[in-house]
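Here is the structure we will look at.
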Amino acid sequence: MAYDLESQEKLDALKAWWDRYGTMLAIIVFVVVAVVAGWRGWQWYQGHQATQAMGYFEALETATGQQGEDSVARIKAASATLRSDFPKSGYTSRGLLVAAEALRARNDLDAAREQLEWLVAHGADAALLPLAKLRLAGILLDQKQYDQALTQLNDAPQAFAGLYADRRGDILAAQDKKAEAKAAWAEAVKLLGTDPITQIIQLKIDALGGA
């Protein structure tokens, strides 16, 4: 009999506990399940987005190896889709660099500039930003937009300091600022050290009348 009474007391205590905490426990379980399901759904979505972005990146790369007006149209179309649909993807940042080089090689400087300006303003991969600015400065130099080109070369990161100085020298030389160009190139030679590119830079210095 004592056993039955003890069991009843435990059952009553369990019921009382459930009446007090049952709803809260059910909510907690629901939230946990929802969070886990949401996280797995987000992971799937991210993977799906990455796969799609990779597809457009590969299509862009394929188009850069082709010739003709159709290839230019495909490059621009793939680039536009990457920018609009996958702006935060690493494939987009790399794709725009590839697109810019291909369009510049086809002498479509305005389109090449567009790719790089978007990348500088919106690119998700910070590691590619210095390279994008360097190439954009080169496009602007080709277009004789000298002041805008020089602006891209402000605040050079250490890893790119030598290349930025070399590009700055190119722009100053195009402006016929010979002394300033030589100074920039001399800085580039110092910063780049034993890099083979310094031989080319030295030739540019010599062409302006020596160090």
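The values are calculated or read from the model by the stated rules, or taken from the named source; none is laboratory data. The structure displayed is predicted, hence computed values, not measured ones. Cβ placement follows ideal geometry from the backbone for every residue including glycine, while neighbour counts extend to all protein chains displayed. What goes into the accessible areas is simple: the full protein's heavy atoms, side chains included, and nothing from ligands, DNA or RNA. Shrake-Rupley method; radii C 1.70, N 1.55, O 1.52, S 1.80 Å.
In the set LYS182, LYS190, only one residue is of a type in the set (Lys, Arg) and farther than 17 Å from LEU153 by Cα; that residue is LYS190.
Restricting to segment 73-95, and then to whatever is among the hydrophobic types (A, V, I, L, M, F, W, C) and open to solvent by less than 20 Å² (accessible area, probe 1.4 Å), can you tell me which residue is nearest to ASN107 (Cα to Cα)? If we take residues in segment 73-95 being among the hydrophobic types (A, V, I, L, M, F, W, C) and open to solvent by less than 20 Å² (accessible area, probe 1.4 Å), then ILE75 is nearest to ASN107 (Cα to Cα). When GLU114 is tested against (1) within 16 Å of the chain's Cα centre (by Cα); (2) open to solvent by less than 40 Å² (accessible area, probe 1.4 Å); (3) not hydrophobic (A, V, I, L, M, F, W, C), only condition (2) is not met. Within segment 182-200, residues that are of a type in the set (Asp, Glu) reach partners that are modelled with pLDDT of 95 or more with beta carbons closer than 7 Å, at six or more positions or on different chains, in the pairs GLU187/ALA165.
Just name the residue that is modelled with the lowest pLDDT out of those in segment 150-163 that are under 20 Å from the mean Cα position of the chain (by Cα) and either of a type in the set (A, V, I, L, M) or closer than 15 Å to ALA181 by Cα (or both). Out of the qualifying residues, it is ALA156.
Looking at the structure I just gave you, is LEU191 farther than 18 Å from LEU129 by Cβ, touching a helix residue (DSSP H, G or I) at 6+ places or on another chain (Cβ under 6 Å) and buried (at least 16 other Cβ atoms within 10 Å of the Cβ)? Against the criterion (farther than 18 Å from LEU129 by Cβ, touching a helix residue (DSSP H, G or I) at 6+ places or on another chain (Cβ under 6 Å) and buried (at least 16 other Cβ atoms within 10 Å of the Cβ)), LEU191 qualifies. Across segment 60-98, the number of residues qualifying as in a helix (DSSP H, G or I), under 18 Å from the mean Cα position of the chain (by Cα) and not aromatic (Phe, Trp, Tyr) comes to 20.
Considering only segment 118-137, I want to know if a residue exists there that is more than 19 Å from the chain's Cα centre (by Cα), of a type in the set (A, V, I, L, M, F, W, C) and surrounded by 17 or more Cβ atoms within 10 Å (Cβ to Cβ). No.
Of everything in segment 175-188 that is assigned to a helix (DSSP H, G or I) and in contact with a helix residue (DSSP H, G or I) (Cβ under 6 Å, 6 or more places away or on another chain), the residue that is surrounded by the fewest Cβ atoms within 10 Å (Cβ to Cβ) is GLU180.
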